[in-house]
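For reference, the structure discussed in these notes is given below.
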Amino acid sequence: MATRIEVLAPPEDGRGKTLEKALKKQGKDVKIRVVDVYSSEHAMANDEKFVTSLVNPVTQKANDLPKDFDWALEIGFLPGVTDNIGHTTSELLALAGADNDNECYSSRLYLIKGDLSQSDIERLSESLSNTLIQRVSIKTAGEFNADGGMETVIPKVHLDNKGVVADDVDLNVSDEELEIIGNQGIADSDGSRRGPLGMSLLYMQAVRDYFAKEARPAKDIELETIAQTWSEHCKHTIFASPIDDVKDGLYKGYIKRATKEIREAKGENDICVSVFSDNAGGIIFDDEYLITDKVETHNSPSALDPFGGAITGIVGVNRDCIGFGQGAKPVINRYGFCLADPRTSPEYYRDSAKTTPVLPPETIMKGVVEGVEAGGNQSGIPTPQGFVTFDDRFVGKPLVFVGTIGLIPRTINGKPGHEKKANAGDKIVVAGGRVGRDGIHGATFSSVALDEGSPATAVQIGDPITQKKMSDAIIKEIRDLGLYTAITDNGAGGMSSSIGEMAEQSGGFHVELEKVPLKYPGMAPWEIWISESQERMTMAVPPENTDELIALLAKRGVEATVVGTYTDDERAKITYHGEIIMDMEMDFLHDGNPETPLTTTFTRGGEKEPNLPAPTDHEQTLHDMLGRLNICSKEFISTQYDHNVQGSAVLGPLQGPGRVYAESSITKPVLTSEKGVVLSQGLFPLYSDIDTGAMAAAGVDLSVRNAVAAGVDLNQLALLDNFCWCSSDEPERLGQLKRAVEAIYEIAVKYETPFISGKDSMFNDFKGFDKDGKQVKISAPPTLLASSIGVIPNVDRAISLAPKAVGDLVYLLGETKDELGASEYYDLHGKLGNNVPETDSHQNLRLYKLYGRASRDKLIASAYALNFGGLGVALAKKAIAGQMGMDIDLSAIDLPHEKALYSESTGRILVTVAPQNKAKFEKNFKGFEHCTHIGHIAYGNRLNIQNVLKADIEKLDEAYKKPLREY
Amino acid sequence: MTANALVLAGYGLNCEEETLHAFEYAGLKGSIRHINDVIENPKELDNAQILAIPGGFSYGDDTGAGNAYAQKIKLALWDKLQDFIARDTLTIGICNGCQITANLGLVPAFDKNYGERLVAVTHNLTARYQCRWIDLKITNNSPWLDGVETMHIPVAHGEGRFMMSDDTLEKLKKDGHIAAVYTKDGEPANGEFPYNPNGSVADIAAITDKTGRILTLMPHPERGMFTWQRDDYMEAKDKAQREGKTLPETADGILLFQNAARYFEVAQKKTA
């Protein structure tokens, strides 16, 4: 008998009030009561002690709903979807005396009073729920009363898979059939397909030949494992394949080579310790610690379930940190979103029948913002730095970047903290959450209806608290006991990846799959093996340590299980209840994928340079520029993200009394050290419409320049590259890619800023249908996100963007050229143009070195690295940040005013300097031709640009903050 | 012998390290203890003079912020905790710790009736997490707040809104339980966002029990204990440089922890 407990929140509840306010804006006057609902089949669920533990007697009431409402709307989870509240409720039930294996489920009921139609309620429910993962139930008050309330729903998973075994798959079939298996998946006995393996015919033939040699049919789990291991997601085949005349491929031929050359050139000043070999990259922080960094993307899941995709992304990249070396402590999170305009409602569908629309941009924005918020805040990791970039082509496939910086002692138990090795004989221990069908064939999700029998397999929702318990236990307690020899996280491919990769160190593995703890019975062996259920770490543990390790984790509420043994017999072997269901050569599994050489073409984009008339009202133009989505304030995100937990924030996301959303941050991860970690990022997707080389170089330059402007020395800076490309099977897109990679090789080597980690996502294309049912393909602009991380010797050297004192002198460092191609200014006028900013790395290097000296000598009062919207926007942001007037003279810049103001030439920094430092400052830059004195900080509340505009700072402030304020 | 601070951890609490650092910086000894270890060995409470429940997200705020963790303490540790507060000890609950202590009924505990839940700390009026710097006016004489008049420290919470019955509010006011209120330009914020960041009734940011030895507050003193942590650090640093001055190392937040240290120095002198 199922129990349903309804806990009524007070009328003043913030959640209800906020919803009322939102509806009021749509002209609907309603009153909303929020009811938290808990359901369980456990016999003890109606025990009074348990019920009481769910109710705050000061404000809440249990099972006593008001009668005065017109509509009841309830939202709960579908079977198999992670229900974190339900999980905590289960723990409370256990505290009240029930056994630990009880299951509780949560849902939320809204009782709504007001004049709303059925379609109003449906619209409200759409805005509050996602039918991919949630069930919705709507009743009128009449129905509610007639039925005696809402139904008790127990979303338990029932899988009709009893006694499942691994199936044989016959690969001695025609090439056509092989291709079908690769594209659509293994056929079940009823003829239906299990979902794509994503393997080309060439790959399928290699697999067929391997099993012909082994003289036996392949098992389904073997095929699924090979597909995971060889996937673009895990193997990065596009970056690894020979491309044109570059035999080593883009990764080894450019990116890895850049790092190698830089490290050699820097010699004993090399800051790198661990690059490209682990879950994150690691550089020196001080004599005691390394800092690690990793940036991931979680694009496809975020398109379907923005909240789930983003939270899974952030807690996933946290695990990359926990899985670095012997385990690093997550100390900073960062984020980045590329989205469509949230104020628009473009109409696109995933299917030709137009039944599954893409989510509205506003829903996606709110969801991904919230996902990173929940994941980061609940994990107690500060999130001080990030960005949001908008372009309508991100409508079907938003880009969601998530990054985590870690801290790890350089020596742990007398061994280098970044080293690890699973040895033959070590036990395979998996710790954390249990395994369900989560994330199986995630990438292939389509509009399959979800019911009890098919839990939401593609969509995952992170559980930050389960992970936090595990992370604390491992990083803060167990790591330093030396109980494990290696650790890694479970991400894409689940255990098939984590165990497969670690087994490369020992030379093989033997997993006993029946030992893996499951969320629910009935899963097939291949599902258990490739499931991407979250919050799991895999460790290699010497047999004599397993009991102690498992007991220590249990004391912290974390389940851990021995699931097998690392071996050195060069075999990847799995048994299931004693039967061998996988037995392959390690070599074949990891390196058996045939090479696929790539060829490319490249055509520069762009249009004729437009001949725009000069603005008649420069002040209005500046307002328009400040209000553009790529420029305006994203403060609503910063205040939701806990940016000062761990007590480490030095320079946060909002700078100056005027709270300008900043592009770099400084954190002091070790409270007793004076050193700081400087972070920044740079990306210019729009520039790809003209030249991906310019796009990539500008991104790297900005991430470096932001960090340098904030006070870090160039030689203490490292980079991460994240490529988000589209249609990467087309020679032209590959040509764009090659050009971008060449560009970042050149600039990184010039700056001597090594790449320490990177990731790529190659098919950010939306394929669907428009409102007329016509087939469309919308490709995200080719995008490189460059992220920088550096160490500043003392946080008192930090430089913020806000001007500090009236009378200070304003200098523009760097050259302003006629470079408005793909700029925000041209885009404001609907133009693309041709003169995309070209990055002069030689000139920039000179500037950054000179700037470094000036910042070491503390000659700079404030600094801002120019980016979107150029000098005009930079001046306005400075005036807003400092809430101070400025007098500026552009006559030294030999361009028309609008070009001087809005050119996006890279390599420029706008600084203010105290008058007493004028002589020293100018001497510092002597011989550098692009150090231009353009004005001073003034009394009053105006930004005054001589012969151009006199703008009220209050109005600039409003133009800058208004567009996204209400989100 | 200096006093010993026990800082709780586990199940998603996450500010234990910086909170311990604050105590240690103030000259106290301390250690971080997982709640399960304290339950297993409750004697640890007997050896402590200060109990700190730090900020965090215990149980993910599920079923109400601080609720589940409070239930766990109540079921497994309540008697020992009663003994602890009956002694001449200090207790502080910060942010999630504030929600936990309120749910435990350690505050306001009228008539020393510890365990009665009278105040709720619930969803912000904005229904949004708020991470921002606020100003506080100190309004009672808890030993934690001795000599402190105002504080500029940050809040970071999704559920920081104090709610209670009118009777309880009246009594809180009358008996001097309200320890700090949010202010704008030195005056109570009168509910105005963002000065009052959560819609808390009567701008309440902190309350104490009758003795003042148990302080529960939503803002984070440990995130505003050093000058370099402050939101105006860049401005202050620049000004000091121009004037040839050196900035003080500490900021408002450290005062609470220094007061705790001083409380036990004084107590020791009395008994000596």
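For A:Lys213, the lysines whose Cα comes closer than 26 Å to its Cα, not counting residues fewer than 8 places off in the same chain, are A:Lys235, A:Lys573. This ranking places A:Ser905, A:Ser496, A:Ser189, A:Ser300 by how few other beta-carbon atoms lie within 10 Å of each, fewest first, which gives A:Ser189, A:Ser300, A:Ser905, A:Ser496. Can you pick out the pairs among A:Lys634/B:Lys239; A:Lys113/A:Lys468; B:Lys29/B:Lys74; A:Lys139/A:Lys469; A:Lys294/A:Lys469 whose Cα atoms lie more than 32 Å from each other? Result: A:Lys113/A:Lys468; A:Lys139/A:Lys469 exceed 32 Å. Seen through its C-alpha gyration tensor, with square-root eigenvalues sorted a ≥ b ≥ c, the protein assembly as shown comes out rounded because a/c lies under 1.5.
Using the average count of surrounding beta-carbon atoms within 10 Å as a protection proxy, the listed peptides A:481-487, A:766-772, A:648-654, B:41-47 rank, highest first, as A:648-654, A:481-487, A:766-772, B:41-47.
When each of A:Lys899, B:Lys80 is scored by the number of other beta-carbon atoms lying within 10 Å, the sequence from fewest to most is B:Lys80, A:Lys899. Set the Förster radius R0 to 56 Å, insert the Cβ-Cβ distance between A:Glu732 and A:Lys113 as r into 1/(1 + (r/R0)^6), and round the FRET efficiency to 0.05. After rounding to 0.05, the efficiency reads 0.45. Between B:Ile39 and A:Glu126, the distance separating the two model label sites (each 7 Å from Cα on the Cα→Cβ line) works out to 4.6 nm.
To the nearest 10 degrees, how steeply does helix A:175-184 sit against the main Cα axis of chain A, on a 0 to 90 scale? Tilt of helix A:175-184: around 80 degrees. Taking the C-alpha atoms only, the angle from helix A:118-128 to the longest principal axis of chain A is near 80 degrees.
So what's the angle, to the nearest 10 degrees on a 0 to 90 scale, between helix A:220-230 and the longest Cα principal axis of chain A? Taking Cα atoms only, the helix is inclined about 10 degrees. Normalising the average separation of contacting C-alpha pairs (under 8 angstrom, six or more residues apart) by the number of residues puts the relative contact order of the range A:3-147 at 31 percent. Centroid-to-centroid, using Cα positions, the range A:21-77 and the range A:329-397 are 29 Å apart. Can you give the calculated 222 nm mean residue ellipticity of chain A, where each DSSP H run of n ≥ 4 adds -39,500 (n - 2.57) and the sum is split over every residue, rounded to the nearest 500 deg cm²/dmol? Counting only the DSSP helices, I get -9000 deg cm²/dmol.
Against the compact-protein benchmark of 2.2 N^0.38 Å, the Cα-based radius of gyration of the range A:3-147 scales to 1.08. If you run the Gaussian network model on chain B, springs between alpha carbon atoms under 10 Å, then out of B:Ala86, B:Ala206, B:Ala76 the most flexible one is B:Ala86. If R0 is taken as 45 Å, the Cβ-Cβ distance between A:Asn46 and B:Lys184 corresponds to a FRET efficiency of 0.40. Among the listed pairs A:Lys28/A:Lys366; A:Lys24/B:Lys184; A:Lys61/A:Lys329, a Cα-Cα separation exceeding 31 Å is found for A:Lys61/A:Lys329. DSSP assigns beta bridges within the range A:876-967; of those with both partners inside it, close to 75 percent run antiparallel. Using C-alpha pairs under 8 Å with a sequence gap of at least 6, the mean separation divided by the residue count of chain A gives a relative contact order of 11 percent. Under the combined filter of DSSP loop state and at most 14 neighbouring Cβ atoms within 10 Å, the range A:328-387 retains these trypsin sites (Lys or Arg not before Pro): A:Arg343. Taking the alpha-carbon centroid of each part, what is the distance from the range A:164-243 to the range A:257-324 in angstrom? Answer, in whole Å: 31.
Counting only other chain Cβ atoms within 10 Å of each residue's Cβ, the peptide B:222-233 averages 5.
In this structure the amide hydrogen of A:Gly885, modeled in the peptide plane, comes within under 5 Å of the amide hydrogens of A:Ala938, A:Gly940, A:Arg942, none closer than 5 places in sequence on its chain.
Straight-line cross-link reach from B:Lys237 at under 22 Å between alpha-carbon atoms covers these lysines, not counting any fewer than eight positions away in the same chain: A:Lys668, A:Lys675, A:Lys804, A:Lys858, A:Lys877, A:Lys878, A:Lys918, A:Lys920, B:Lys245. Near A:Val157, the amide H atoms lying under 5 Å from its own belong to A:Gly80; only residues 5 or more places off or on other chains count, and H is placed 1.01 Å from N.
Ordered by the count of other Cβ atoms within 10 Å of each Cβ, fewest first, A:Ile747, B:Ile254 give B:Ile254, A:Ile747.
Show which lysines lie in cross-link reach of A:Lys354 when reach means a straight Cα distance below 22 angstrom and same-chain residues fewer than eight apart are skipped. Here the lysines satisfying the reach criterion relative to A:Lys354 are A:Lys397, A:Lys767, A:Lys771, A:Lys774, A:Lys777. Extension gain, A:Glu929 to A:Thr411: 0.36 nm times the residue separation minus the Cα-Cα distance gives 181.8 nm. Oblate is the label for the range A:806-866. Its Cα gyration tensor axes, ordered a ≥ b ≥ c, give a/c of at least 1.5 and b/c at or above a/b.
In loop segments of the range B:109-170 as defined by DSSP, there are no chymotrypsin sites (Phe, Trp or Tyr not before Pro) with at most 12 further C-beta atoms inside 10 Å of their C-beta. Extending 7 Å from the Cα toward the beta-carbon at both A:Val165 and A:Thr672 defines two label points whose distance is 6.1 nm. At what distance in angstrom do the alpha carbon centres of the range A:562-583 and the range B:51-116 lie from each other? Result: 49 Å between the Cα centres. Distance between the 7 Å Cα→Cβ label points at B:Lys239 and A:Arg604: 5.2 nm. Across peptide A:85-94, the average count of Cβ atoms from other chains found within 10 Å of a residue's Cβ is 4.
No value in this document is a laboratory result; all are computed from the given coordinates. Predicted model only: the values in this text are computed from it and were never measured. Heads up, the Cβs are rebuilt from the backbone with ideal geometry, glycines too, and the neighbour counts pull from every protein chain shown.
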